[in-house]
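Chemist: Pasting in a structure now, in structure tokens, and then I'll have a few things to ask.
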Amino acid sequence: MKYREIGKYLTPKEIVRELNQHIVGQEEAKVKVAIALRNRWRRFQLPEDLREEVIPKNILMIGPTGVGKTEIARRLAKLVQAPMVKVEATKFTEVGYVGRDVDSMIRDLVQESIRLVREERLQTILEKIKEIAETRLLIKLFPSCASNLDERERNRKMLREGAYNNLQVEVEIEEKQFPQVQIFGPQGLEEIEIQMQSMFSNIMGSKSTRRLVTVPEALKILQTQEENKSLNMQEIVNEALKRAEETGIVFIDEMDKIAGREKGYGPDVSREGVQRDLLPIVEGTTVQTKYGQIKTDHILFIGAGAFHTTKPSDLIPELQGRFPIRVELSSLKAEDFYRILKEPKHSLLKQYEALLKTEGLELEFKEEAVMAIAKYTEFLNEKLEDIGARRLYTLMEKVLEEISFHGSEMGNIKITIDENYVHQRLKSFSEKLELSNLIL
């Protein structure tokens, strides 16, 4: 289903409902991104001349790490099958300094869009491709299958059941020649390096070699060959460029790290320069990629940052104006951590239960045990650095460390995690913290 068709059925309420399956709290942020997404679909319904004038309203998310900024953007892109890339503002430098140039985020977006479109096209013909690859393999194994359809289908069934997995077969593999081309110099040359490697590989052509491989390996090789034959890459590239322009999402994290005015020296000398380089990309320009030109006018940019030591007003005024929608994400409390552990479709508890079930263990968490983990998380975030829900990973690993280590030897048993067990496993954290407060 295409983006426009998906957008028709995704009202802002539906979008928020879908996000609620994976993300706890942060209702204001969900509402803002839901409206931004719906406005894209509304724009597609406008006449051509008016459509070009409607630009996306970029969003700036403000809040500590681990509260859901990245996850909201990632789930949003997945929901509507839109290409999305996440970049860190600190990776970029202004022109003249060593580092990545800001145009590279758009080149990455195009690559992601091509991957997305290719996967979609492939899914529509995958069964047919598998069948062709199987037929080619069966004829190599049993030449009589070329004319005897009954024998071919009989062998196909056995092939799918794994009866021939131990056999070996010779297949022809086409290998492209990639010369070692490396360019040393200022930032922005990575694209030139890739283009030169591609150019030389086309000049040198490819070399065919024959290899003896197992039947499963041969099937993968033949399937890949059929995929490359069946897919029209030019059509995929054309659609991918259009999709990146119209529906692409660029998530720029660590925006707070490039905020602030220049001192003219030191490691942060290029912070304001990065902002000025970002400005034309965000407000709309044309970026050259190896697949063609792409306009950034209608790409949705979502900025994010903790802004502990800086504030959004420390950004240059022109860039502030390009992120008109501001949303503050709140720090998570014990009740939020409890919901994160329990409510999402693939919550952390469900993940650990599924992992240990592979060893034959049935894991059960008592309600008071889950709340105890949530309270420890809130306590440690208050006393130490606030890293939000990411703290849950540390505590869950500590709680289940012994069970995970000995799980393969326990057999098929049921293990119940209660509040006392949680306190027993996690009390060392609070004891060490209290001790460290007494040391000068």
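Chemist: Name the residue that is surrounded by the most Cβ atoms within 10 Å (Cβ to Cβ), counting only residues in region 82-113 that are of a type in the set (S, T, N, Q) and modelled with pLDDT under 85.
Modeler: Thr93
Chemist: Is one or more of the residues making up region 372-391 without any contact (Cβ under 8 Å) to a residue 24 or more places away in the chain, of a type in the set (Lys, Arg), assigned to a helix (DSSP H, G or I) and surrounded by fewer than 17 Cβ atoms within 10 Å (Cβ to Cβ)?
Modeler: Checked region 372-391: no residue is without any contact (Cβ under 8 Å) to a residue 24 or more places away in the chain, of a type in the set (Lys, Arg), assigned to a helix (DSSP H, G or I) and surrounded by fewer than 17 Cβ atoms within 10 Å (Cβ to Cβ).
Chemist: Could you count how many residues in region 2-20 are among the acidic types (Asp, Glu), surrounded by fewer than 14 Cβ atoms within 10 Å (Cβ to Cβ) and at pLDDT 80 or above?
Modeler: Residues flagged as among the acidic types (Asp, Glu), surrounded by fewer than 14 Cβ atoms within 10 Å (Cβ to Cβ) and at pLDDT 80 or above within region 2-20 amount to 1.
Chemist: Just need a number here: residues in region 21-36 that are farther than 22 Å from Phe301 by Cα and surrounded by fewer than 16 Cβ atoms within 10 Å (Cβ to Cβ).
Modeler: 1
Chemist: Please go through region 41-72 and pick out each residue that is aliphatic (A, V, I, L, M), assigned to a helix (DSSP H, G or I) and without any contact (Cβ under 8 Å) to a residue 40 or more places away in the chain.
Modeler: Leu50
Chemist: Additional query: Would you confirm whether any residue within region 44-61 is buried (at least 18 other Cβ atoms within 10 Å of the Cβ), in contact with a Ser or Thr (Cβ under 8 Å, 6 or more places away or on another chain) and either more than 19 Å from Thr296 (Cα to Cα) or outside the structural domain of Arg339 (by TED's automatic domain parsing) (or both)?
Modeler: no
Chemist: Let me ask something additional. Going by the structure shown, is Ala372 under 29 Å from Gly63 (Cβ atoms) and in contact with a His (Cβ under 8 Å, 6 or more places away or on another chain)?
Modeler: For Ala372, the condition - under 29 Å from Gly63 (Cβ atoms) and in contact with a His (Cβ under 8 Å, 6 or more places away or on another chain) - is met.
Here's the yes/no breakdown for (1) outside any helix (DSSP H, G or I); (2) at positive phi; (3) assigned by TED's automatic domain parsing to the domain that holds Glu226:
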site: Asn39; (1), (2), (3): no, no, no
site: Arg74; (1), (2), (3): no, no, no
site: Val87; (1), (2), (3): yes, no, no
site: Lys128; (1), (2), (3): no, no, yes
site: Glu134; (1), (2), (3): no, no, yes
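Chemist: For region 329-343, how many residues meet the condition of being surrounded by fewer than 17 Cβ atoms within 10 Å (Cβ to Cβ) and under 23 Å from the mean Cα position of the chain (by Cα)?
Modeler: 1
Chemist: If the requirement is being in contact with a Phe, Trp or Tyr (Cβ under 8 Å, 6 or more places away or on another chain) and not in a helix (DSSP H, G or I), which of these qualifies: Leu332, Leu349, Leu363, Leu395?
Modeler: Going through Leu332, Leu349, Leu363, Leu395 in turn, the sole match is Leu363.
Chemist: Among all residue pairs at least 6 apart or on different chains, which show Cβ distances below 9 Å where the first residue, located in region 403-417, is assigned to a loop (DSSP other than H, G, I, E, B) and the second is surrounded by fewer than 13 Cβ atoms within 10 Å (Cβ to Cβ) and charged (D, E, K, R)?
Modeler: Matching pairs, first to second residue: Asn412/Glu362; Ile413/Glu362.
Chemist: Hey, does region 28-44 have a residue that's among the acidic types (Asp, Glu) and in contact with a strand residue (DSSP E or B) (Cβ under 6 Å, 6 or more places away or on another chain)?
Modeler: The answer is yes, given that some residue of region 28-44 is among the acidic types (Asp, Glu) and in contact with a strand residue (DSSP E or B) (Cβ under 6 Å, 6 or more places away or on another chain).
The values are calculated or read from the model by the stated rules, or taken from the named source; none is laboratory data. Values in this document were obtained by computation on a predicted structure and should not be read as measured data. Neighbour counts run over all protein chains shown; Cβ positions are idealised from the backbone, glycine included.
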